[in-house]
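**Student:** Pasting in a structure now, in structure tokens, and then I'll have a few things to ask.
No value in this document is a laboratory result; all are computed from the given coordinates. Model, not experiment: these values are computed from the prediction. Ideal geometry is used to build each Cβ from the backbone, glycine not excepted, and the neighbour counts take in all protein chains shown.
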Amino acid sequence: MDRQHPLGRIGEGAHGIVFKAKHVETGETVALKKVALRRLEDGIPNQALREIKALQEIEDSQYVVKLKAVFPHGAGFVLAFEFMLSDLSEVIRHGKRPLAPAQVKAYMQMLLKGVAFCHANNIVHRDLKPANLLISSSGQLKIADFGLARVFSHKGDRLYSHQVATRWYRAPELLYGARQYDEGVDLW
Ligand code: ADP
Ligand code: MG
């Protein structure tokens, strides 16, 4: 952690604060996300552990944000990610005109490739929305924020929480309180 030189705050979501920082030795710019480790309830891995586990299982996709390192910090962790210029909610909000159809198609293709990659690795993201889709300086879209992600079993005997996804983006089966659902919740 002390090898990182802080450059300011870049984002704040529901579960943590994200800072921009520069690695003192390599000069590489990263995004540091602080996540608190809360008491483990009923042995269910909490947010921070889930995020680390999900990201470690799906190291290598150009459509998933790269986790570079994990440091213990206080009662939690700091996750160091590759730095991304913006996120899709910012791009939409600050754009002078609506996105061109070709741009929408390009983002959609990268998003679907990323989602297909996660699902092929049995990871269901459960919180896909513009603020969790990061955009690099070269316009590449990458899926981020695996704080609600889970490794899914297809045996059909597991029960899952329906209190996932941000309400505006929640799939109908979740709104109706389903405890058994599948990767379809990422496609709604
Ligand atoms: P939360 O779980 O709190 O929602 P996120 O991982 O979604 O945390 O991060 C919150 C915000 O921080 C994102 O919406 C984005 O604007 C910014 N952010 C997250 N990761 C990065 C990154 N690697 N590079 C640049 N900005 C990031
Ligand atoms: Mg988020």
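**Student:** Rounded, prolate or oblate for the stretch 108-188? Axes are the square roots of the Cα gyration tensor eigenvalues, ordered a ≥ b ≥ c, and the cut-off for rounded is a/c under 1.5.
**Tutor:** prolate
**Student:** So, one more: Rank-order 136-145, 164-173 by packing density, defined as the average count of other C-beta atoms within 10 Å over each peptide's residues, highest first.
**Tutor:** Going by the mean number of other Cβ atoms within 10 Å, highest first, we get 136-145, 164-173.
**Student:** From Cα coordinates alone, what are the radius of gyration and Dmax values for the stretch 53-153 in angstrom?
**Tutor:** Over the stretch 53-153's Cα set, Rg and Dmax evaluate to 14.2, 46 Å.
**Student:** Taking only the alpha-carbon positions of the chain and ignoring solvent, what does the Debye formula give for the base-10 log of I(q)/I(0) at q = 0.09, 0.12, 0.18 Å⁻¹?
**Tutor:** Summing over Cα pairs of the chain leads to -0.34, -0.60, -1.32.
**Student:** Which net charge results when you count Lys and Arg as +1 and Asp and Glu as -1 among the other residues whose beta-carbon is under 13 Å from that of ALA149?
**Tutor:** -2
**Student:** Please express the Cα-Cα pair-distance distribution P(r) of the stretch 46-108 as a list of whole percents, one per 5 Å bin, running from 0 to the bin with the greatest distance.
**Tutor:** 4, 13, 19, 18, 15, 13, 11, 6, 2, 0
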